[in-house]
1. Can you give the accessible area per residue of segment 10-69, in Å², using a 1.4 Å probe?
2. Restrict the search to segment 247-276; then list the chymotrypsin sites (Phe, Trp or Tyr not before Pro) that DSSP places in a loop and that have at most 11 other Cβ atoms within 10 Å of their Cβ.
3. Which one of Val71, Leu239, Thr183 is farthest out on the positive end of the charge dipole of the chain, using unit charges on Cβ (Lys, Arg +1; Asp, Glu -1) and the Cα centre as origin?
4. For segment 80-148, state which GluC sites (Glu not before Pro) are in a DSSP loop and have at most 13 other beta carbons lying within 10 Å of their beta carbon.
5. How big is the chain on each of its three principal axes, counting only the C-alpha atoms and giving the largest first in Å?
6. Report the local net charge at Gly207: Lys and Arg +1, Asp and Glu -1, summed over other residues whose C-beta lies under 13 Å from its C-beta.
7. In this model, which of Lys61/Lys85; Lys253/Lys308; Lys154/Lys182; Lys200/Lys297; Lys81/Lys218 are farther than 19 Å apart at the alpha-carbon?
8. Using alpha-carbon pairs under 8 Å, 6+ residues apart, how would you state the relative contact order of the chain in percent?
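The values are calculated or read from the model by the stated rules, or taken from the named source; none is laboratory data. What you see is a predicted model, and the numbers here were worked out from it, not measured in a lab. As a convention, Cβ positions derive from the backbone with ideal geometry for all residues, glycine included, and neighbour counts pool all protein chains shown. Just so you know, the surface numbers come from the protein's heavy atoms only, side chains and all, with ligands and any DNA or RNA stripped out. Shrake-Rupley method; radii C 1.70, N 1.55, O 1.52, S 1.80 Å.
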Amino acid sequence: MYMHIRPRRNRKNPAIRAMLKETIVTPADLIYPLFVQEGDLDEPLSSMPGCVRWSIEGLVKEAESAHKLGVLAVVVFPAIKEELKTPNSEESYNDDGLIPRVIKRLKQEIPTLQVITDVALDPYNSEGHDGLVMIGASGEVEILNDATIEVLCKQALCHARAGADIVAPSDMMDGRVEAIRKTLDTEGYQNISIMSYTAKYASAFYGPFRGALNSTPKAGDKKTYQMETANSREALHELELDEQEGADFVIVKPAGPYLDIIAMLRENTYLPVVAYQVSGEYLMMKSAVKDGWLDEKSVVIESLTSIKRAGADIILTYFAKDFATWYREGL
Ligand code: PBG
């Protein structure tokens with residue numbers, strides 16, 4: 001048959017395919033989320049097989065081995081003891097608390113590793129919400145926006161004082177980026193970056209993470225602050241505000257089911273776009289791999305490449321160290 005155009009010519013051998021590859025993920029694109037708890041125990045997580053709730057020293061070792069493989073940044077999430085959780089979440093800005101101690105140890109042992117912290121109240125809040133909660137007369141749950149921001153500013157400042165490189169507000173309160181920027185600048189921390197969760201959806205894919213930290217809300221859901229999963233235009237509205245308020249990076253979360261949002265933000269900002277491949281995305285792949293239905297290395301590389309292809313500059317993924325290991329081996 002005569003055809004003068006045959007696209008398969010550009011796929012005919014590994015060399016041509018390698019020359020034409022548009023999207024290449026490297027360990028420098030990845031941020032490694034790590035969980036930490038008090039004490040000496042490194043506890044494997046049943047809700048997230050392959051992930052661990054580390055002791056401080058265990059976390060430092062894990063971060064060090066990932067950094068040696070080329071991972072440049074970690075984000076740390078704490079499991080806080082129940083007795084330290086309060087309605088006003090005071091533990092979130094305790095300079096002697098778990099996270100400030102983790103930051104100090106990481107910066108002391110691995111100074112070139114970028115340490116990112118989560119700014120939100122859910123690990124510290126007795127109600128399990130990202131903000132302060134007011135319970136109404138008939139039990140209705142209200143999340144207090146402006147009062148929460150005051151606590152978030154104290155939390156961000158506490159992380160900056162301990163030596164964090166980047167603070168990442170994941171709470172979705174209105175106006176928090178500007179307030180945190182002002183607080184950090186006033187206190188002399190102009191160089192601390194803000195990585196804002198700009199388009200964080202009220203997703204069911206966070207279930208395994210909440211299991212890992214025992215941080216499921218006691219009452220109500222997160223739909224008055226996290227975004228409606230059916231919507232895309234409000235992601236642009238949040239983007240516009242976060243840019244004006246001084247965000248240095250903008251995050252889309254989750255990643256895989258929200259590739260359209262990643263692409264939309266990429267087209268509408270000059271800021272770096274970050275995507276978070278969340279716990280539910282991780283668990284789906286892990287479970288299918290465990291049952292023998294999917295090949296782990298292939299699906300992980302494909303999922304991360306797709307997220308980058310959609311427009312993400314950086315990806316938060318629980319597979320960061322695995323990917324860096326395969327990358328070192330030549331993939
Ligand atoms: C809370 C927070 C959550 C995640 C990161 N920070 C959970 C939530 O918003 O309920 C989820 C991450 C994941 O599922 O991997 N501030």
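1. For segment 10-69, the per-residue accessible area is 55 Å².
2. Taking segment 247-276 and a limit of 11 other Cβ atoms within 10 Å, the loop chymotrypsin sites (Phe, Trp or Tyr not before Pro) found are Tyr270.
3. Working it through, the farthest residue towards the positive pole turns out to be Val71.
4. Sparse-neighbourhood loop GluC sites (Glu not before Pro): Glu140.
5. Taking the Cα atoms of the chain, the three principal extents are 77, 44, 42 Å.
6. Net of charged neighbours comes to 0.
7. Pairs exceeding the cut-off: Lys61/Lys85; Lys200/Lys297.
8. Averaging sequence separation for qualifying contacts and normalising by length gives 18 percent for the chain.
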